[in-house]
Amino acid sequence: MSRTPSVFLVGPMGAGKSTIGRLLSAELKLEFVDSDKVIEERCGANIPWIFDMEGETGFREREEQVIDELTQSGGIVLATGGGAVMREANRRHLSARGTVVYLCTSVEQQLARTAKDKNRPLLQTENPETVLRELFARRDPLYREVADIIIYTDKRNPRWVVQELKSQIKAE
């Protein structure tokens, strides 16, 4: 018996992974899961607190365990954290266990979407734009490496993105 295929969303913070993930899961009639929310629920703490107490390395270890577990279940739409692709094990699990969609967006769009969000520890700095540009330079090649589908979300309605994704996923 084959399992229902899963869809894994990767991309930078502010690309729309959670918003598009919820809409896509409803369209595909699959469960929506946000790996960051799972980590927060299991820890009983928010991500900034985990970063403060365990550092980014501690957070990434938790994230790797959660992604390994979640990608083994079939029939989900998974929104990953922006840095999930930094670990080779995560890239391997995502690539092997479902359809990976890279939601690509510009740094300008990220700044607009994350400007007031205090739940993003890497942006709690005097110059979030510099941080986002550095993260993009490091992570964009990794997002592209794992992606089966790349879709640009800048100035696009989330419902349009979902319809486009549905047609591309069915074509695979």
Inset, instruction - Would you kindly derive the ³J(HN,Hα) couplings of the range 50-62 from the backbone phi angles with the Karplus curve 6.51 cos²θ - 1.76 cosθ + 1.60 (θ = phi - 60°), listing them in order in whole Hz, with x for Gly and Pro? - result: 4, 4, 5, 7, 10, x, 5, 4, x, 4, 5, 5, 4
Legend entry - Signed unit charges on C-beta, dipole axis of the range 4-77, positive-most listed residue Gly16, Gly58, Thr71: Gly16
Legend entry - Karplus-derived HN-Hα couplings along the range 151-166 (A = 6.51, B = -1.76, C = 1.60, θ = phi - 60°), whole Hz, x at Gly and Pro: 9, 8, 9, 4, 6, 10, 5, x, 5, 5, 4, 4, 5, 5, 4, 4
Inset, instruction - Step through the residues of the range 10-16 one at a time and calculate ³J(HN,Hα) from phi using the Karplus curve (6.51 cos²θ - 1.76 cosθ + 1.60, θ = phi - 60°), rounding each to whole Hz and writing x for Gly and Pro. - result: 10, x, x, 4, x, 7, x
Inset, instruction - Determine, for each peptide in 65-76, 12-23, the mean count of other beta carbons within 10 angstrom over its residues, then list the peptides with the highest first. - result: 12-23, 65-76
Legend entry - Cut-off under 5 Å, modelled amide H: who pairs with Asp154 long-range: Ser106
Inset, instruction - Run the quick spin-label model on Ala137 and Glu54: label points 7 Å from Cα toward the beta carbon, then report their separation in nm to one decimal. - result: 2.9 nm
Legend entry - Rounded to the nearest 20 debye, dipole of the range 7-158 from Cβ charges on Lys, Arg, Asp, Glu: 420 debye
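No value in this document is a laboratory result; all are computed from the given coordinates. Just so it is clear, the model here is predicted, and its values are computed rather than measured. Using ideal geometry, Cβ is built from the backbone for each residue, glycine included, and neighbour counts are taken over all protein chains shown.
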